[in-house]
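Undergrad: My questions all concern the structure below.
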Amino acid sequence: MKFIVPYLENKHFSKLWAFKTQMQESVLSSRRSPPSPRSAAASAAPSAGESEDESKRRKLPSSASFRLSSHHWRLLLPNPVVSLLLLLLVLLLLLLLFLGPTGNSVCFPAGGSFSRVKLLGGPVDGFASEFGFLGVPWCRSKHGKTVEWTYADLLKGLEEFVPIYETRPIKNNMNGMGFDHSFGLWFMARWLKPDIMIESGAFKGHSTWVLRQAMPETPIISITPRHPEKYLKKGPAYVDHNCTYFSGKDFLDFGNINWNSVLKKHGISDISRVLVFFDDHQSELRRLTQALKAGFKHLIFEDNYDTGTGDHYSMRQICDQFYIRGGGHSCFKDGDEARLRSDRKKFWEKAVDIDELCGKGEAWWGVRGQVRDNFNHSSKAISYEEHFHNSRFVESVLDVYWELPPVAGPSLTHQTRYDPARTSDPIIEEGHFATFQKLGLTRLQSSVFNGYTQMVYLQVSDPAS
Ligand SMILES: C[S@@+](CC[C@H](N)C(=O)[O-])C[C@H]1O[C@@H](n2cnc3c(N)ncnc32)[C@H](O)[C@@H]1O
């Protein structure tokens, strides 16, 4: 059953939203019902010199086979057999529309349990690809393996997590995680059930608190330059009592810790049962290399920034390559990508236009051809070859790449930052207000939904395996 109850809080927002939805839907409509490659080619094949996207915008040819003139109708309708057949056909079509697959939507069957039509992992073939250059890039894994959990599990998790989130000690976690990523971290930690959890980058301790809610008895190691207890003097913060802090004078960077000896001290012998969470704004390529060297297998990166955004080189950026759908970009100022980007920038704060995307020499990878690191305190230009090589390296060690979807569509959360054209489908899709409300999500301030940056879970192993 579909719930289509628009949630419009005030007049200003409804206008803005209507505008946005119009914009979004014009793109989404092509995403939801991709033409089969063969029929698309037959009806609207681009002629030489015409881009594929121009051909997509074309209307169907108004040939005789597509139109019935009034003369034809007069001939057909008085015939009762033909009329009956037409009526049956219309009824059949309506029935198919009603009972048929709901695309990517989440369904609530009569039994009450959740089911999902969509598979997890990379974007589903034929959906995200319809965005073309503004699609949803992703990292290829070695054997195409994906996570075990489903959208149904995520929905169930949300039901449990909302009341937990409402008890968080740090209500205003600006510069830290918002709702979407807090849920993602909690959900994955709970699902993976590690023997120990390591976090790099704790700030006031909100993510430590989230890990603790997921696994009440599991030890935590927290690496962060400033101890969260320092923040307690000024306001809300969280200090955990079953946590070893590498902070203050004991601070050591993740890459400089002797993990063999630290894990041994904690009685951990199986490194595949360790979960490492990075929210320290360091190059994710460097963190991946360090994690591989230590033998870690399960990694979560909080800020998996999109190309052209953010303060460190992310997995998303590394894997943004021409051979990935939705990956690779054009710096051509009069091109379709430039036009689409400037349109989308009007609606989504984090969308980047072609000027922000491209640096010297039409370098679009990373951020304007630069690899940012350490909260953008350092930035280095790299060649396209180097960027390409980085993605091949990442692919060679990846067993699983999974981006947390946004919790709910922007018309429900009222988020205005990330461009939904560059994310996977939300757990609660647009129009499903009843579900959003039932899960208690309307009780949360809309600002908590503004921090989504494609948190990602990786399972990694040696290139050879
Ligand atoms: C975005 S905040 C973390 C937010 C936190 N995870 C949360 O959800 O509230 C980034 C943190 O990384 C810390 N940091 C900076 N350099 C670091 C490093 N090399 N290793 C670990 N943490 C670092 C900063 O001091 C800051 O506390």
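Quick note: the coordinates plus some simple rules give every number you see, no bench work behind them. What you see is a predicted model; the values in this text were computed from it and never measured. For neighbour counting, all protein chains shown are included, and Cβ atoms are generated from backbone atoms with ideal geometry for every residue, glycine included.
Undergrad: At a 10 Å Cβ-Cβ cut-off, how would you order 319, 331, fewest neighbours first?
TA: 331, 319
Undergrad: Name the residues of segment 446-465 whose amide N is less than 13 Å from a point 7 angstrom out from the Cα of residue 292 along the C-beta direction?
TA: 459-465, by backbone N distance to the label point.
Undergrad: Three principal axis extents, largest first, for the C-alpha atoms of segment 128-460, in Å?
TA: That works out to 58, 46, 42 Å along the principal axes.
Undergrad: Hey, another quick one. Give, in whole angstrom and from largest to smallest, the semi-axes √(5λ) of the equivalent ellipsoid of segment 379-428, with λ running over the eigenvalues of the Cα gyration tensor.
TA: Equivalent ellipsoid of segment 379-428: 31, 16, 7 Å, largest first.
Undergrad: Here's a follow-up. If I model a spin label at residue 190 and residue 172 as a point 7 Å from the Cα along the Cα→Cβ vector, what separation in nanometres do I get?
TA: Placing both labels 7 Å along Cα→Cβ, they lie 2.9 nm apart.
Undergrad: How do 264-271, 175-182, 387-394 rank on mean C-beta neighbours within 10 Å, highest first?
TA: Numbers: 264-271: 11.4, 175-182: 22.2, 387-394: 17.2.
Packing proxy ranking, top to bottom: 175-182, 387-394, 264-271.
Undergrad: Please report the spacing between the Cα centers of segment 301-325 and segment 423-442 in Å, no decimals.
TA: With segment 301-325 and segment 423-442 each reduced to a Cα centre, they are spaced 26 Å.
Undergrad: Just to confirm my numbers, what's the Cα centroid distance between segment 246-292 and segment 153-217 in Å?
TA: 19 Å
Undergrad: What do you get when you divide the Cα radius of gyration of segment 358-462 by 2.2 N^0.38 Å, with N the number of residues? Before the final figure, lay out the partial values.
TA: Numbers: Rg = 17.9 Å, N = 105, 2.2 N^0.38 = 12.9 Å.
Output field value: 1.39.
Undergrad: Another question about this same structure. Give me the extension gain from residue 164 to residue 444: residue separation times 0.36 nm, minus the current Cα-Cα distance, reported in nm with one decimal.
TA: Result: 99.6 nm gained on full extension.
Undergrad: Residue 272 versus residue 464, label points 7 Å from Cα toward the beta carbon: distance in nm?
TA: Going by the 7 Å Cα→Cβ label model, 1.7 nm.
Undergrad: What is the fewest-to-most order of 396, 465 by other Cβ atoms lying within 10 Å of their Cβ?
TA: So the residues, fewest neighbours to most, are 465, 396.
Undergrad: Can you pull the one-decimal nm distance between simple spin-label points at residue 360 and residue 249, each 7 Å off the Cα toward Cβ?
TA: The answer from the label model is 4.5 nm.
Undergrad: Which order results if 232, 185, 85 are arranged by neighbouring Cβ count within 10 Å, fewest first?
TA: By the 10 Å Cβ count, ascending, the order reads 85, 232, 185.
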